[in-house]
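The values are calculated or read from the model by the stated rules, or taken from the named source; none is laboratory data. Computed from a predicted model, the values in this text were never measured in an experiment. Methodologically, a virtual Cβ is constructed for each residue, glycine included, from the backbone with ideal geometry; neighbour enumeration extends over all protein chains shown.
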Amino acid sequence: MAGIWIVLILIAVFIFIVVGIYNSLITLRNRADNAWAQVDVQLRRRYDLIPNLVETVKGYAKHEREVFEKVTEARSKAINAGTVKEQGEAENMLSGALKSLFAVVESYPDLKANQNFLMLQEELAGTEGKIAYARQFYNDSVMKFNMKQQVFPSNIIANMFNFKEKEYFEIEEPAAREPVKVEFG
Amino acid sequence: MYEQITRNKWKSFFLILFFLCLIFALTWAFGELTGWGPQGFVIAVVIAVAMTFGSYYASDKIVLAISRAKPVKKEDYPYLYNVVEGLAIAAGLPKPRCYVIDDTAPNAFASGRNPKNSVIVVTTGLLQKLNRAELEGVIAHEMSHIKNYDVLVQTLAVVMVGVVALLSDWILRTFFWGGGRRRSKSSKGGGNAAAIFIVVALVLAILSPIVAQLLRLAISRKREFLADANGALLTRYPPGLASALKKLAADREPLEAANKATAHLYIVNPLKDIKGRVNKLFSTHPPIEERISALEKM
């Protein structure tokens, strides 16, 4: 009789542990997915800011058409990018285009003092920072999720329920990690 | 990191328990000295429990009120909001509410009982004197205080140390102004026991604020190094916080809204009068040079 009880208790403990590990894997996966969604939110915010910025700069510097076109083109490319890699490339292009836009602004002192422009510039800088931090948090979350799938004993459960490791977000070009630097003398 | 969080939650629990006992003992002593007897005992229990719950739920509000911090809108401080939002994303926490103290002395602190109910407070001087990388370093330091649940321990400590100080003050006053009368009355029967009571109550009243003070210091000093390190992990840029600390150390202006009870909350000592060996023992912050060199070695 006692033997049956011991077996039953062992089974109960085993199930308890499996459920615990399974739930923590799900939690970690959701956290990573959520972190990726946060990156998207911030990228979208950046796309939304750019037309406003272009309009404001246009008001002061009408004939710099080339720069505006480059920014607009890069923006729509980034929005319509299919794969993560394509998007990364488009993002790099966009950052470059924005850099030249801010270089143009340098020669318009009135624009540099415009309240609306300053606000947009701050928003853009803030959003760039948030994108970088959201990606960093995504990578941190992925690291925790992948680690859980590799270490014993949770690797057994992960295999059993077919959990897949997630990919890190990486940028080939180190300069792309840096936000667009705008220095006013 | 997660061990830190569990440890801090336990620490808060024991802190509450310890202060509960201390407040209980003090109110009992108060009751004995004033000659209220059993009623004093009931009052002691009620006050102790009310203080504990009150400080758990309202300590952040009390601290904000003491520091004269005002809530601010995003439209007025977009710079601060963007930095706080960015680092909340990096730490994976909900965005803390932003408060500003109108003072030119640069300083900052965080408060709240958990990450969902947290606030970050900066002075207007901090916003003016630091560049973006430095401000991010400071906010990241505060964000890791929130993530580690340091804010809970620290904020509770402010209120509870205050309560103990207040109670012992009452007891000493009761003793000086009314104690003599009671002593002569009780000396008719069992004068010895009454005398012992009074001595115990007095020792308790004198010692408890000192004990409370030392306890508060013990919990706050080590936490600064840890928050510096975790903050650097969030920004991945230790020089930002290092150069911010240099600027804060070089600034000699004291923060008017800070006092001895809230000094340990701030990122650097807001009172600016720490010099000499005795003061080092009672200092709420580790020497700023040590913190900077720790950051520079990362």
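Points to keep in mind about this one:
- Qualifying residue in the range A:143-151 (condition: within 25 Å of the chain's Cα centre (by Cα), surrounded by 15 or more Cβ atoms within 10 Å (Cβ to Cβ), more than 14 Å from chain B (Cβ to nearest Cβ) and touching a residue at least 60 places away in the same chain (Cβ under 8 Å)): yes
- Screening the candidates B:GLU136, B:GLU142 for the property of being touching a strand residue (DSSP E or B) at 6+ places or on another chain (Cβ under 6 Å), acidic (Asp, Glu) and crowded, with 24+ Cβ neighbours inside 10 Å yields one hit, B:GLU142.
- Scanning the range B:94-144 for residues that are part of a loop (DSSP other than H, G, I, E, B), more than 14 Å from chain A (Cβ to nearest Cβ), modelled with pLDDT of 90 or more and closer than 30 Å to A:ASN30 by Cα yields one hit, B:PRO96.
- Here B:LEU217 clears all of (1) modelled with pLDDT of 70 or more; (2) surrounded by 13 or more Cβ atoms within 10 Å (Cβ to Cβ) except the condition numbered (1).
- Scanning the range B:78-93 for residues that are in contact (Cβ under 8 Å) with a residue 24 or more places away in the chain, more than 7 Å from chain A (Cβ to nearest Cβ) and under 19 Å from B:LYS116 (Cβ atoms) gives B:VAL84, B:ALA88, B:ALA91, B:LEU93.
- For A:MET119, the criteria (1) away from every other protein chain (no Cβ under 13 Å); (2) surrounded by fewer than 18 Cβ atoms within 10 Å (Cβ to Cβ); (3) not basic (Lys, Arg) hold in every case but one, which is (1).
- In the range B:65-77, residue surrounded by the most Cβ atoms within 10 Å (Cβ to Cβ) [restricted to those that are of a type outside the set (S, T, N, Q) and more than 14 Å from every other protein chain (Cβ to nearest Cβ)]: B:ALA69
- Condition check for A:ASP40: within 14 Å of chain B (Cβ to nearest Cβ) and loosely packed, with under 15 Cβ neighbours inside 10 Å: yes
- The condition (being touching a residue at least 40 places away in the same chain (Cβ under 8 Å) and more than 14 Å from chain B (Cβ to nearest Cβ)) is satisfied by just one residue among A:GLY96, A:GLY88: A:GLY88.
- In this entry, A:ARG45 passes the filter for residues that are of a type in the set (D, E, K, R), within 24 Å of A:TYR138 (Cβ to Cβ), surrounded by fewer than 18 Cβ atoms within 10 Å (Cβ to Cβ) and under 28 Å from the mean Cα position of the chain (by Cα).
- Test: residue in the range A:2-20 that is touching a Lys or Arg at 6+ places or on another chain (Cβ under 8 Å) and touching a residue at least 24 places away in the same chain (Cβ under 8 Å): no
- Within the range A:85-99, being at pLDDT 85 or above and charged (D, E, K, R) holds for one residue alone: A:LYS99.
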